[in-house]
Number of protein chains: 4
Amino acid sequence: MIIIIKDKATDKQVNELMSWLQSFSVKTNLVTGVHSRIIGLIGDTTSIDVDAVNARDIVETVKRVQEPYKNANRRFHPDDTVIEVRGRKIGGGGLSVIAGPCSVETEEQLMATAIAVKEAGADFLRGGAFKPRTSPYAFQGLGKEGIDLLIQARRETGLPIVTEIMDLSDIDLFADVDIVQVGARNMQNFTLLKALGRSDKPVLLKRGLSATLQELLMSAEYIMSEGNSNVILCERGIRTYEPETRNTLDLSAVPLLRQKTHLPIVIDPSHATGINSLVEPMSLAAVTAGADALEIEVHIDPKNAWSDGAQSLTPEQFKASMRKIRALEKFVDSELK
Amino acid sequence: MIIIIKDKATDKQVNELMSWLQSFSVKTNLVTGVHSRIIGLIGDTTSIDVDAVNARDIVETVKRVQEPYKNANRRFHPDDTVIEVRGRKIGGGGLSVIAGPCSVETEEQLMATAIAVKEAGADFLRGGAFKPRTSPYAFQGLGKEGIDLLIQARRETGLPIVTEIMDLSDIDLFADVDIVQVGARNMQNFTLLKALGRSDKPVLLKRGLSATLQELLMSAEYIMSEGNSNVILCERGIRTYEPETRNTLDLSAVPLLRQKTHLPIVIDPSHATGINSLVEPMSLAAVTAGADALEIEVHIDPKNAWSDGAQSLTPEQFKASMRKIRALEKFVDSELK
Amino acid sequence: MIIIIKDKATDKQVNELMSWLQSFSVKTNLVTGVHSRIIGLIGDTTSIDVDAVNARDIVETVKRVQEPYKNANRRFHPDDTVIEVRGRKIGGGGLSVIAGPCSVETEEQLMATAIAVKEAGADFLRGGAFKPRTSPYAFQGLGKEGIDLLIQARRETGLPIVTEIMDLSDIDLFADVDIVQVGARNMQNFTLLKALGRSDKPVLLKRGLSATLQELLMSAEYIMSEGNSNVILCERGIRTYEPETRNTLDLSAVPLLRQKTHLPIVIDPSHATGINSLVEPMSLAAVTAGADALEIEVHIDPKNAWSDGAQSLTPEQFKASMRKIRALEKFVDSELK
Amino acid sequence: MIIIIKDKATDKQVNELMSWLQSFSVKTNLVTGVHSRIIGLIGDTTSIDVDAVNARDIVETVKRVQEPYKNANRRFHPDDTVIEVRGRKIGGGGLSVIAGPCSVETEEQLMATAIAVKEAGADFLRGGAFKPRTSPYAFQGLGKEGIDLLIQARRETGLPIVTEIMDLSDIDLFADVDIVQVGARNMQNFTLLKALGRSDKPVLLKRGLSATLQELLMSAEYIMSEGNSNVILCERGIRTYEPETRNTLDLSAVPLLRQKTHLPIVIDPSHATGINSLVEPMSLAAVTAGADALEIEVHIDPKNAWSDGAQSLTPEQFKASMRKIRALEKFVDSELK
């Protein structure tokens, strides 16, 4: 950590600041320039709050040299984390595909979709039982019944299931779910993150609509600091000024996160674009960029979907896309690595 | 609601779409142009999901004419909502000031701050007992003990208390809190919003970091649709590309929300700017723009604050600012209305 | 165009508005609902200014149904535009690679880079002679001397040259340049665009830092409406709140623009990311997403580059990336189309 | 300037870097920590390009301690700059109001508006002769004829005139204009800025749609480094994700720029909001926040304006707003300073 001191600070104030910093078991190094003095901290600064340093009135600015996350940091954990669920893997090479409807609507709808995505080569089944909707007047999900249907679909297809938790109070309902998804709106629901950290259930953590990559990693750190290292990161588009797409897919997040963390990285092209015809090209681009997994919305009848129909693929579209995705996966694996 | 139909749609498809729309008890009006056909819906369209309409493959685009919120809508509730707590009001004219530390740290810190802000003319005491922090290694708040200290401070000063809830599971601890704050990161924690809607406790709802004003109003609608109309809206800065300030204060939200809703509007200049020296000018600007209340962070010793010290006013600064704020309030009331 | 009328409007006002609209040679269709009236316009609305309609005090909102661009619109020009320069093509299938240094610095630097990128398989040579720099104290480019060096490099390698124009007054210096680049900061320098529209020189038009895709197309329309249809669009990253990358690459622009326009689409992964190690993965992703061309910065000695060194590839890196790019191009062409 | 070195760097590489840095006539100070080494630079670092330092492969990150602008920097020029034109002042206390139509349309329109804004108490007349419009099919301004009409209006009212230049090639037409405006889209048209810097004509420089405050100051520096210190800065709203307003007014720019620079600061509430009813409240808020001037669009017949009608005030509205603005100016001056 580098601390730049204001011109007007007295030596006494600078010494006081250095004493306080030393109380965190770090060494301090003072550099004196013409216009400014600088304190360099040496040692583990994770427990020092940048904001607290900034609040000192003799401090001009503060810059962290080390990342504020440890457990999620590739620097300290060079090997890729691999999440294994019922014999399926996410991370460590290879490409997993999570597919299914935005919402679980009916038994018929879910089973038909589950069978279709299985046949097309999906590895996991997704489906929302608890739905975060902007409007209280929109369909809010089937709740427990939705989870029961997902479990039934797993029984029929063998596909492990991924579904979103919206509140800590529902956590017991997720006991038999394979991967618990935390949605973009809950990325900084820290109470929920800590609770999930106290189990060993894999967590698929979606990036918030305006979260930085560092904030995403800090939210992963919340889960991991409680003991659960089974975290999967998901980029699903960020909010920008561009109105044509629902969100803007930040695909450079894949290689960038790959450098910073050992956790697996999923791309959700459905929410990122919000447009049916962009799902395939962005899925393929994500595979090329090195994503560990894709999460794709598929609905047997998108035009009658209860939510997110405009971005859902039909089973036929998904099948056609999967052929390309798997061919590209193979090519990337053999030729581009 | 206006629905624009794609060129290629057949008459049969258009008729099917109109039949489906009529099932929501609205009337449909078809306009046929050279390049496009348009369906206009007449009646209450609140229960029709724009996304579901958009998902229809013959639909080019959809535009809502009416706002999707009812309870929060000034069109249907022309009179200002006034929140009354222990003889203090927010809304309906006049200016309330909510002040206090970012976090409740110790009994001494809170009592000294509470007495200071009371003497300077604050109407409410704020203080965080549960703290949403980006890092799991940062101070997380005193929890229940913090709320107990706030209640004690209320006893000593008479100031009603405002404090943030982070999770539904803590709701019982807030039984004796006067105004429950929902933070920016939880603005779309819909389970929490619904639970707060089932009480009649006033809720101070902060705008999310990248939430549109319509999404803020829809989150208010979540609370109100469950029966609780005691909602206060708070603009606290939005996330933009500008790095100099912590967030960008969107002050035009005050007159704009005033037109759209009858709910009271609070400005939080502390979080919006993140910089001590900007709190006073932005407070004064907010009063001029017509805010119903200000929420200002005050700390007896900002440079040793456990959180947000850089933006906290000292009691002396707050007192000086309050003199200007009250003088301006009077001037605005008598000369600018 | 759909115009939604305010509740309070009188019939007389609505009739006046319709008369005014009819003066633009369009037909008007009035739909009367319970809460609102709607006017639908039938005919060519390109010459009607949405803002002018919005300014009418009885107008609630206006929505365009048709795009406001004609010449750039695929609807009216279904076939891909192909730009041909000295036997090299951009657009219409196949992948072109434009490579070279950010700035032309010296003869040695440019010639060595030009030969290196040619050998690695680049199709065009880029290099900046006029440099738009944030600081007046930074290197501003060699100007005319830089263009002369580019022409010399073309003579030696046969590669057509691409270089940026910063002001209309320099236009004569670009007479022998093959493709004139308009930078992001000049995307809405309309005087410059019109002047370029009066020649038939190919123009590589870069998306502004916060320009929407529609604004990019409207800037292309400025050039095309003057008679020059040789326009190439370039996505080079947009400004968002994320600090890790220089900009955020909006890769979904490729398939989206493909639907809306017949103009060729280039991706510039160097400026979009600003980070050397992200250039290859984003280049590959762009090829997969269907880009017509890539524009990549290459420098013989990035650590001593006079500008943009952090994002420039070395000739060795470029050569290695080109092997993958060409292999992927072939795969995409044979297997993913 | 602080430079953080990568772990893997050898001593030889670090020494080479320090030698290179010393060639810029600064002293270097090396601090060696456990995980990192840091170089602190002492002296004038304005001529050192951060990007060039960043490009060195042993550099982890670079942080500027000093601002990269000198002429615009309050640190070196503590006194407020005051622009004087024909006996009217902008800056240094007091509030100036620039008012007039978006575009000069006809003699009748301009004269009537000029007389109305003069009577209401405006200090300067604005009006666009060259109009930057998104669409080539929209009204592009009267050009020279518009400037002639402005000069005629100045003759009749005595109000100094402010009008926008779009291209360097028109500069001779602005010889008799009092203040030359550079629009948001041209804020980084560096060739134009340098040319304006070679005269002593006051320049009103508008912040770009997605420009940081530091970039705005660097653009001012472009003008000032050529010798013209008569620069006025204008905040006119930035582009964000919020769709309700045309732009988002960043009002905290006023006190922030006040700290960083001695140049006068103007707020343009018309373009910032794009909505007639928000112009007055944001004008008043800007006065309270300490703006030196306001730039407000006024049109005698907004609903028939050829551009920007939706945000233009009528003369009656402007007169009513001016009464409040002047009363508030007086109050702020006597009570809030």
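Springs between alpha-carbon pairs under 10 angstrom, Gaussian network model over chain C: which of C:290, C:237, C:143 fluctuates most? Of C:290, C:237, C:143, the most mobile in the Gaussian network model is C:143. All Cα-Cα separations within region A:83-335 were binned at 5 Å from zero, giving a P(r) of 1, 7, 15, 19, 22, 19, 12, 5, 1, 0, 0, each value a whole percent of the pairs. Quick one: helix B:144-157 against the long Cα principal axis of chain B, what's the angle to the nearest 10°, folded into 0 to 90? The two axes meet at around 70 degrees. Taking amide H positions as modeled 1.01 Å from N, with prolines and chain starts lacking one, no residue 5 or more places away or on another chain lies under 5 Å from residue D:46.
Between copies, the label points of residue B:106, set 7 Å from Cα on the Cα→Cβ line, lie 6.4, 6.5, 7.6 nm apart, reported in increasing order to one decimal in nanometres.
The angle between the Cα long axis of helix C:107-120 and the main principal axis of chain C comes to about 80°, on a 0 to 90 degree scale. Sequence-distant contacts, meaning Cα pairs under 8 Å at least 6 residues apart, place the relative contact order of region A:63-182 at 20 percent. Placing dummy labels 7 Å off each Cα toward the beta-carbon, the span from residue C:47 to residue C:32 is 3.2 nm. Spin-label pair residue B:175-residue B:111: with each label point 7 Å from Cα along the Cα-Cβ axis, the two points sit 2.6 nm from one another. Relative contact order, whole percent, for chain C stands at 16, derived from Cα pairs under 8 Å and 6 or more residues apart. Magnitude of the charge dipole for region D:144-238, about its Cα centre and with charges confined to Cβ atoms of Lys, Arg (+1) and Asp, Glu (-1), is about 220 debye.
All C-alpha to C-alpha distances of region D:235-281, sorted into 10 Å bins beginning at zero, yield P(r) values of 28, 49, 21, 2 percent in whole numbers.
Against chain C, whose longest principal axis comes from its Cα atoms, helix C:11-22 is set at around 40 degrees.
On the principal axes of its alpha carbon atoms, the protein assembly as shown extends 77, 76, 74 Å, with the longest extent given first. Let me know the mean shielding of C:242-248 by other chains, meaning the per-residue number of their Cβ atoms within 10 Å of its Cβ. If you average over the peptide's residues, the count of other-chain Cβ atoms is 6.
Using 29 Å as the Cα-Cα cut-off, could you pick out the over-long pairs in C:8/D:206; C:201/D:303; B:118/B:206; A:70/A:131; B:70/B:319; D:131/D:303? Check vs 29 Å cut-off fails for C:8/D:206; C:201/D:303; A:70/A:131; B:70/B:319.
Go ahead and run the numbers for FRET between residue D:277 and residue D:86, Cβ-Cβ distance against an R0 of 30 Å, rounding to 0.05. That pair, residue D:277 with residue D:86, gives E of 0.35. Please give the FRET efficiency for residue A:25 paired with residue D:15, using the beta carbon to beta carbon distance and R0 = 30 Å, rounded to the nearest 0.05. The calculated FRET efficiency here is 0.45.
Only beta bridges with both residues in chain D are counted; by DSSP, about 40 percent of them are antiparallel. A viscosity of 1.002 mPa s and a temperature of 20 °C, combined with the Kirkwood radius over Cα pairs in Stokes-Einstein, give a translational diffusion coefficient for region A:206-312 of 149 µm²/s. Working from the pairwise distances between different alpha carbons, so that the mean of 1/r is found and then inverted, what is region C:125-257's Kirkwood radius in Å? Result for region C:125-257 stands at 15.6 Å. For residue A:59, the residues whose modelled amide H falls within less than 5 Å of its own, excluding neighbours fewer than 5 places apart on the same chain, are A:6. Its DSSP H runs of at least 4 residues, each contributing -39,500 (n - 2.57), put the calculated 222 nm mean residue ellipticity of chain B at -10500 deg cm²/dmol, to the nearest 500.
Translational diffusion coefficient of region B:1-115 (Stokes-Einstein, Kirkwood radius from Cα pairs, 10 °C, 1.306 mPa s): 86 µm²/s. Phi angles of region B:259-264 translate, via the Karplus equation with coefficients 6.51, -1.76, 1.60 and θ = phi - 60°, into HN-Hα couplings of 6, 8, 9, 9, 7, x Hz per residue; Gly and Pro are given as x.
Relative to its Kirkwood radius, the Cα radius of gyration of region B:47-157 gives an Rg/Rh of 1.22. One quarter of the surface of the convex hull around the alpha-carbon atoms of region A:148-198 equals 3.6 nm², the direction-averaged projected area.
Mean sequence separation of contacting Cα pairs (under 8 Å, at least six apart), scaled by the length of region B:2-63, corresponds to a relative contact order of 46 percent. Which of A:232, A:58, A:147 ends up with the largest GNM mean-square fluctuation for chain A, with Cα atoms connected below 10 Å? Residue with maximal mean-square fluctuation among A:232, A:58, A:147: A:58. Here the spin labels are modelled as points 7 Å beyond Cα on the Cα-Cβ line, and at residue C:76 and residue D:8 they lie 5.5 nm apart. Considering region A:2-63 at the alpha-carbon level, its Rg and Dmax are found to be 10.6, 31 Å.
Picking from D:86, D:246, D:74, which is most flexible by a Gaussian network model of chain D using Cα springs under 10 Å? So, out of D:86, D:246, D:74, the one fluctuating most is D:86.
No value in this document is a laboratory result; all are computed from the given coordinates. For clarity, every value in this text was computed on a predicted model and none was experimentally measured. Cβ atoms come from the backbone with ideal geometry, glycine included; neighbour counts cover every protein chain shown.
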